[in-house]
Amino acid sequence: MKSSAVVIESPKTDSRIFAHTRWDALPVLAAIFHSVYFFGMFYLFPRVPLWMMLILGFIYSVSISWNINGISHNFIHNPYFRLPLLNRLFSILESITVGFSQIFYECIHMQHHKGNADRPGEKGETVDWISIYKHGHDGDAEHPLKYTFLSFFREDPKTVYRELKRKNPRDAFWGVTELTLFVSTFVILGVLNWRYICFLVPFWYLGHCLSYLNGYYRHYGGNPDEPLAWGVSSYDRLYNWLWFFNGYHAEHHFRPKVHWTRMQALRDQIVEQQRAAGVRVIKPPHALAFLDPDLPTLKQNSRQKSHGRWNLKSARVQDGAN
């Protein structure tokens, strides 16, 4: 199915602030709340019991994945504001709150869309820098635990910087600036209270691991050879309301520029073609996909690949969003 056959009307607004729709105020407010929460933990650290801080720290870890895959991700494809200055300031806010450059993340994510979780080619490399198949064996996906906890250490800022500089030296400058601001923030917090930074860093790392866990199951069981089935979708309503329609991932990979408020309309147009292509749909949110009753094992995936077919039971499209 050609993408040109699908027409999704982009949202339009007369707002002087928002570029696409006033609904984007929701992820913007969520990002501001997340930033307040981040600095609020520093304020509370010496004032509340450790058990409470452990709970707050775990919530911060989950919120990193929530932000990256919802707020930050949608901002990459459809920047929220009309004024470039506001988009720049929001990008900096996200970088400090999440603890990684938003511009670097955009570069990595766009490379992800170029490869669409591809398998290694003849030279053993993937186009997609974060493909779940990059460090697998014999064309299989990597084990989810390895992907989740090791991907953080595989990130190569030098490669990202070179790619940014090749495309747009200005973006490379701002990417480094965002990294500097986030690292400086952590250093300042550490100088003010070294015990707090020792507390924070493990939860920060865990948050990025949870983001990779989310990313793993957004493609595990998908078909990297079929554009309609590149991604794996989840139509759990609460998940999509809270994560700004992050669950519609097969749809997103098919049409990356569709605004998050139009994802259901996109699915309505292509649902029959998705069924024919064997798009995989899971019942729980992506981060909990290991609980899905139809989740194939790595060995099952290997057998399916070797026979050139996909398990119809695990690839079937649920009607939960209908």
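The values are calculated or read from the model by the stated rules, or taken from the named source; none is laboratory data. It should be emphasised that the depicted structure is a prediction, and the values quoted were computed from it without experimental measurement. Methodologically, a virtual Cβ is constructed for each residue, glycine included, from the backbone with ideal geometry; neighbour enumeration extends over all protein chains shown. Heavy atoms of the whole protein, side chains included, go into the accessibility calculation; ligands, DNA and RNA do not. Shrake-Rupley method; radii C 1.70, N 1.55, O 1.52, S 1.80 Å.
Of note:
- Karplus 3J(HN,Hα) series, Hz, for the stretch 290-296 with 6.51 cos²θ - 1.76 cosθ + 1.60 (x for Gly, Pro): 5, 8, 5, x, 9, 5, x
- Applying the Karplus relation 6.51 cos²θ - 1.76 cosθ + 1.60 with θ = phi - 60° to the stretch 267-274 yields 3J(HN,Hα) values of 4, 4, 6, 10, 4, 5, 5, 5 Hz, where x marks Gly and Pro.
- Helix-only mean residue ellipticity at 222 nm for the chain, each DSSP H run of n ≥ 4 adding -39500 (n - 2.57), per residue, nearest 500: -18000 deg cm²/dmol
- Förster radius 51 Å - calculated FRET efficiency between Leu89 and Arg275, Cβ distance, rounded to 0.05: 0.75
- Mean Cβ neighbour count within 10 Å, used as a protection proxy, ranking 15-24, 275-284, 212-221, 108-117 highest first: 212-221, 275-284, 108-117, 15-24
- Within the chain, the percentage of alpha carbon pairs spaced more than 24 angstrom apart rounds to 56%.
- Surface composition of the chain: carbon plus sulfur atoms hold 64% of the accessible area, using a 1.4 angstrom probe and ignoring ligands, DNA and RNA.
- Across the cross-link table entries Lys146/Lys283; Lys146/Lys167; Lys146/Lys257; Lys12/Lys257, which are compared at the Cα atoms, the separations over 25 Å belong to Lys146/Lys167; Lys146/Lys257.
- Amide H within-cut-off set for Gly136, under 5 Å, with H built and near neighbours excluded: Glu142
- Accessible surface computed residue by residue for the chain, with neighbouring protein chains in place and a 1.4 Å probe, gives 49 Å² per residue.
- Residue-wise HN-Hα coupling along the stretch 153-161, computed from phi with Karplus coefficients 6.51, -1.76, 1.60 (Hz; x: Gly, Pro): 7, 8, 4, 10, x, 5, 5, 5, 4
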